[in-house]
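The values are calculated or read from the model by the stated rules, or taken from the named source; none is laboratory data. These figures come from a predicted structure and were not determined experimentally. Because the Cβ atoms are built from the backbone with ideal geometry, glycine has one as well, and the counts that use them run over all protein chains shown. Heavy atoms of the whole protein, side chains included, go into the accessibility calculation; ligands, DNA and RNA do not. Shrake-Rupley method; radii C 1.70, N 1.55, O 1.52, S 1.80 Å.
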Amino acid sequence: MAVRDRPAPPARSEPREIVELRQLRLDQPELAQAIDLQIELLQLQRRVLSRVPLPAMNLDGARLDAMLAAGTPILAFEQVPIDWSDLRFLVRSTADAMRTHEAIEPDDFRRVEALSRDPERLPPAIRNWYEKARPVPAGGGDVAPDIAGLEPLLLQAMRPFLTRCAEAVTARTMFQEWLHGNCPLCGGEPDFSVITPAAERFLICSRCTARWPFDQLACPFCLNSDRSRLTSFATRDGMYRLNGCDVCERYVKAFDGRHARRMVMPVVDAIATLPLDAAAVQRGYR
Ligand SMILES: [Zn+2]
Ligand SMILES: [Zn+2]
């Protein structure tokens with residue numbers, strides 16, 4: 001049989017998140033720019049994720065639960081298994097992808113380039129981002145001026161290292177001892193949540209994607225639980241909700257597992273709910 005007659009090898013199967021994003025692009029072409037960027041970022045991150053080792057830390061369940069009960073996020077910066085040449089690659093290529101999809105200002109792009117080229121500056125900048133860009137009781141405060149405004153980019157570049165840690169730790173604890181609105185693993189803020197069929201709510205970390213149980217209604221940012229000052233509304237199909245707080249004027253989006261045809265996929269759902277962000281801003285949330 002001639003070579004050209006051989007059947008083509010099956011296409012390498014794509015991760016489900018990318019399959020869902022491609023479908024979303026067909027259903028909602030107005031989101032194409034954001035979807036194309038996210039697909040590119042996922043592909044970059046997967047290249048690195050496959051070689052990130054497990055974090056060097058004691059994963060004894062009882063020890064983890066004791067730290068959680070004391071209100072201390074589990075993962076110290078020194079324990080994040082960062083390979084600095086991989087991180088430099090991710091910082092640069094994330095900036096390139098964001099520039100291609102018009103998601104970064106030219107001035108910020110130049111700042112990122114300078115940061116990634118300077119082996120002296122990158123590690124302290126990343127530590128500063130990790131330790132400062134999170135609320136009390138875990139840390140808090142403003143990030144250093146040289147990375148201010150670059151947080152979303154650094155978050156994407158750090159994602160493979162942090163998600164590896166989240167995988168390792170969530171195999172050992174469900175974070176039931178943790179009663180705070182910020183992440184029990186890395187201290188980051190939630191930017192999404194999932195409601196289970198039993199109507200429990202889990203918050204999802206914007207940085208490491210760890211999930212932890214939290215009060216069904218209370219605001220994770222200011223802990224307001226006064227029902228008359230909390231607003232909630234759903235998308236028409238019932239798949240997503242928005243929980244807004246009228247005290248601190250912030251909000252969290254939710255994937256409602258009671259009305260969904262699949263599991264939550266934070267990177268997909270964050271984009272599918274961009275119209276919900278617009279609705280929140282219109283109502284005065286930030
Ligand atoms: Zn986290
Ligand atoms: Zn609040």
Could you list, in sequence order, the residues of segment 235-273 that are open to solvent by 70 Å² or more (accessible area, probe 1.4 Å) and either within 27 Å of Leu37 (Cβ to Cβ) or of a type in the set (Lys, Arg) (or both)?
Arg236, Asp237, Arg258, Arg261, Met263
Can you work out which of the residues in segment 206-220 that are more than 16 Å from ligand 2 (Cβ to nearest atom) and not in a loop (DSSP other than H, G, I, E, B) is nearest to the chain's Cα centre (by Cα)?
Arg211
Read through the list (1) in a helix (DSSP H, G or I); (2) within 16 Å of ligand 2 (Cβ to nearest atom), then give the number of the only condition that Leu223 fails.
(1)
Considering segment 70-117 alone, what residues qualify as being among the hydroxyl-bearing types (Ser, Thr, Tyr) and within 16 Å of ligand 1 (Cβ to nearest atom)?
Thr72
Just to verify a result, which residue in segment 58-100, among those that are over 15 Å from Arg127 (Cβ atoms) and β-branched (Val, Ile, Thr), is most open to solvent (accessible area, probe 1.4 Å)?
Thr100
Which residue pairs have Cβ atoms closer than 6 Å, lie 6 or more positions apart in sequence or on different chains, and pair a first residue in segment 245-270 that is more than 16 Å from ligand 2 (Cβ to nearest atom) and part of a loop (DSSP other than H, G, I, E, B) with a second residue that is open to solvent by less than 30 Å² (accessible area, probe 1.4 Å) and of a type in the set (Gly, Ala, Ser)?
His259/Gly238
Unmet criterion (only one of (1) under 30 Å from Leu54 (Cβ atoms); (2) in contact with an Asp or Glu (Cβ under 9 Å, 6 or more places away or on another chain)) for Phe221:
(1)
Any residue that is within 24 Å of Leu42 (Cβ to Cβ) and either away from ligand 1 (no atom under 12 Å from the Cβ) or surrounded by fewer than 19 Cβ atoms within 10 Å (Cβ to Cβ) (or both) - is there at least one of those in segment 220-234?
no
Could you tell me whether Ala148 is over 26 Å from Arg92 (Cα atoms), open to solvent by 20 Å² or more (accessible area, probe 1.4 Å), in a loop (DSSP other than H, G, I, E, B) and away from ligand 1 (no atom under 15 Å from the Cβ)?
no
Looking only at segment 140-170, which residues are free of Cβ contacts under 8 Å to residues at least 24 places away in the same chain and over 28 Å from Ala272 (Cα atoms)?
Gly140, Gly141, Asp142, Val143, Ala144, Pro145
Which is within 16 Å of ligand 1 (Cβ to nearest atom), at pLDDT below 95 and small (Gly, Ala, Ser), of Ala168, Ala210, Ala157?
Ala168
Mind listing whichever residues of segment 174-205 are more than 16 Å from ligand 2 (Cβ to nearest atom), of a type outside the set (A, V, I, L, M, F, W, C) and open to solvent by 10 Å² or more (accessible area, probe 1.4 Å)?
Gln176, Glu177, Thr196, Pro197, Glu200
Can Arg201 be described as touching a residue at least 40 places away in the same chain (Cβ under 8 Å), more than 15 Å from ligand 1 (Cβ to nearest atom) and more than 22 Å from Arg16 (Cα to Cα)?
yes
